[in-house]
Structure formats: C-alpha cells, structure tokens
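Structure first, then comments.
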Amino acid sequence: MKYYKVNFDLKQLDIFCKIVELNSFSRAAEEVKLTQPTVSERIASLEMVFDTQLLDRGSKKIMPTKAGKILYYYAKRILNIKSELIQKMNKFLEIEKGDLTIGGSSIPGTHIMPELIGKFRSFHPGINIVLKLGDSQEIIDGVNSGIYELGVVGKKPENYKIACLDFREDSLILVVNNNHPWAEIDTGISLSLILKEPFIMREEGSGTRKIIENVLLHNDINPDNLNVVCELGSSEAVKKGIMANIGISIISRREVETELQLGILKEVKIDSIKFDRKFFLIYHKNRPRSPICKTFLDFVLDTK
C-alpha cells in the first residue's frame, strides 16, 4: 500500500473544486482571483502529491478523473467543515460575518430574491450573499453537487435527496405583442388555438416549460404539437422575443408587469385554464447547512 505525504493546503483543494464545478481552468482562475498559470501550477502540485492525474484535460470541458471524483467529494467536505468552523467561531465571538452562495432560477432569482437579500443584509450587514442564476434544473443540480447551499426554483426536484419547501406562488399568462390580432380580444380563447401560432418556448430544464407541458398534457394536448419557432434560455429573452414579434408565449406575470402596464405587451385569457405554480426553496437533506444558511432560510420563510 502506498502512503502519501500530506503536503497540500486548503487553497489547492478550493482551486481544484472550482475547476471541477466550472469545467474550466480560466474561469476557476477568475473565481479564485489568481492567474491561470498559478492555478495550473497548484493543480500540477496536487497531482504530484497523489502521483496520479486528477483532471482530464483532453476534452473541451475539464472533467475529473476517477481519482479526481474521489478527491472532489472529500475536498468539498473539508471545505464545508472549514466554512462551518469559521462561522461557529464567529458566532461564538458574536461576529456575524461570512459568505453564502445560493442559486435562483430565472423568475424568483430575478424578481424575488434580490429584494429579500437586501432586507436580510439590513439586519446582517456582515454577511455577503452570492446569488447565481440558471434554469430550475441547473439550480437543482447545483444544490445536489454542493455548489449552492440553498436554491429557489420553479419546479419540484425529483431527487429524493433534495429537501423542498413551498415558498411563493406565481401565475403564468399567455402574452402577445400589442400588434397581434389577439391583443384586442376581451374574451378568452381556446387553448387549442395557440397550436397554430408561432410559439417561443423556454429551454429544457426550465420550470416554466415544465408547467406549460404539464397543463397541455392535462388538457389532452401533446406539447410536441406546439409550433415552437425558437427556444430561449431566460424569461427576459422570451419577453424580448415577444416584443420582437418572433411569436407568442406563456410567461410569468412578474416578468412582464411593466410591459403590460405600458401597453407594449398584452395578456390574452385562455378559457377555463390557469397556469399557476409554486416556487420552492431547496437544500440537500444529507449535507449540514451552515449557520448563515439556516439564518437566511429562516428569514426568507418568515418574510412575506
């Protein structure tokens, strides 16, 4: 059995984890505020410690080798313990300082969380919260892998390891450009009519897309029958697409409130159909939450 001399530091583990999570040396270098040659040197040194290759550099994305996956698993545990230790000591010393990284899907991440973070920081100014956006599935995957301690998404995770709490309610509405023939319709239209119109759809993994597909299936309409002319990666992009006359779409009311008030876009009612949904706060059941995460989660759940 080979025994390894432990001569690596926590900074090396942090750099290694960032590379695995971002699939890139250059992006990891930006994240840890070091030059790319320095990052490469730190990883080369780490590979010398274990006398094995930890990262596969042969593909477009940097991926961990089998040994690298083992290191990543334990490195994240070590770094989480370090973070928890710092927070515990700060709490013991009555100092509220630290960082919390959370993930938010398009609508709650853009229209709900910034205000809550602002209110939270008015009570806890020493805590720095990093909010990163993605679609619901990307945020769920990030919580599962440990990139985010906490997430807020527009669909329920299927992963049983992810805890899921009801957070806020949201309404999706059918929206058209103000020069669309439907813009002047006061009464509702049949759901089947949208099949004939150019339709802008969110990307795979989006909570909005999941709701649209589920409602259509519930009403015996195959989502594949939609006349999808493009798929866009954010609600903001979908809104811009409607404004550019690319097509119609079903989108969160929160995203288009201003444009509806200004008359740039128009809501079209659909007969007897509602696209209502909930947003969910999620975290990993088997991963200890930091004191900062617990404090923030309690604050968010108590704030209406």
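In the set (1) over 22 Å from Ile117 (Cα atoms); (2) in contact with a His (Cβ under 8 Å, 6 or more places away or on another chain); (3) of a type in the set (Ser, Thr, Tyr), the condition left unmet by Thr295 is number (1). When you check Gly58 against the structure, is it free of Cβ contacts under 8 Å to residues at least 12 places away in the same chain, of a type in the set (Gly, Ala, Ser) and assigned by TED's automatic domain parsing to the domain that holds Leu22, yes or no? So Gly58 fits the description; yes. For the range 205-227, the tally of residues that are in contact with a strand residue (DSSP E or B) (Cβ under 8 Å, 6 or more places away or on another chain), closer than 18 Å to Ser106 by Cβ and either among the acidic types (Asp, Glu) or not in a loop (DSSP other than H, G, I, E, B) (or both) stands at 5. Taking the criterion of being in a strand (DSSP E or B) and of a type in the set (A, V, I, L, M, F, W, C), the residues of the range 112-130 that qualify are Ile127, Ile129, Val130.
Condition (residue is assigned by TED's automatic domain parsing to the domain that holds Ile140, under 25 Å from the mean Cα position of the chain (by Cα) and part of a helix (DSSP H, G or I)) applied to the range 267-289: is it met by at least one residue? Checking the range 267-289: not a single residue is assigned by TED's automatic domain parsing to the domain that holds Ile140, under 25 Å from the mean Cα position of the chain (by Cα) and part of a helix (DSSP H, G or I). Taken over the range 55-88, residues that are surrounded by 13 or more Cβ atoms within 10 Å (Cβ to Cβ), part of a loop (DSSP other than H, G, I, E, B) and either aliphatic (A, V, I, L, M) or modelled with pLDDT under 85 (or both) amount to 1.
Is it the case that some residue within the range 94-102 is modelled with pLDDT of 95 or more and among the hydrophobic types (A, V, I, L, M, F, W, C)? Among the residues of the range 94-102, at least one is modelled with pLDDT of 95 or more and among the hydrophobic types (A, V, I, L, M, F, W, C), which makes the answer yes.
Here are some conditions: (1) more than 29 Å from Ile264 (Cβ to Cβ); (2) in a loop (DSSP other than H, G, I, E, B). Lys155 meets all but one. Which one does it not meet? Result: Lys155 fails condition (1) only. Please determine, by comparing only the residues of the range 39-54 that are of a type in the set (Ser, Thr, Tyr) and in a helix (DSSP H, G or I), which one is surrounded by the fewest Cβ atoms within 10 Å (Cβ to Cβ). Looking at residues that are of a type in the set (Ser, Thr, Tyr) and in a helix (DSSP H, G or I), I get Ser45.
Test Ile292 against the criterion of being part of a loop (DSSP other than H, G, I, E, B), among the β-branched types (Val, Ile, Thr), touching a helix residue (DSSP H, G or I) at 6+ places or on another chain (Cβ under 7 Å) and modelled with pLDDT under 90, and give yes or no. For Ile292, the condition - part of a loop (DSSP other than H, G, I, E, B), among the β-branched types (Val, Ile, Thr), touching a helix residue (DSSP H, G or I) at 6+ places or on another chain (Cβ under 7 Å) and modelled with pLDDT under 90 - is not met. Looking only at the range 158-172, residues that are surrounded by fewer than 11 Cβ atoms within 10 Å (Cβ to Cβ), among the aromatic types (Phe, Trp, Tyr) and either in contact with a helix residue (DSSP H, G or I) (Cβ under 8 Å, 6 or more places away or on another chain) or not in a loop (DSSP other than H, G, I, E, B) (or both) come to 0 in all. Of the residues making up the range 251-266, those that are outside any loop (DSSP other than H, G, I, E, B) and over 20 Å from Met201 (Cα atoms) are Thr258, Gln261, Leu262.
You will find that of Leu100, Leu133, the residue that is within 22 Å of Met201 (Cα to Cα), assigned to a strand (DSSP E or B) and either in the same structural domain as Asn286 (by TED's automatic domain parsing) or touching a Gly at 6+ places or on another chain (Cβ under 8 Å) (or both) is Leu133 and no other. Among the candidates Ser206, Ser252, Ser234, Ser192, the residue that is surrounded by fewer than 16 Cβ atoms within 10 Å (Cβ to Cβ) and of a type in the set (Gly, Ala, Ser) is uniquely Ser192.
The values are calculated or read from the model by the stated rules, or taken from the named source; none is laboratory data. All values derive from a computational prediction rather than experimental measurement. Cβ coordinates were reconstructed from backbone atoms using ideal geometry, including for glycine residues, and neighbour counts include every protein chain displayed.
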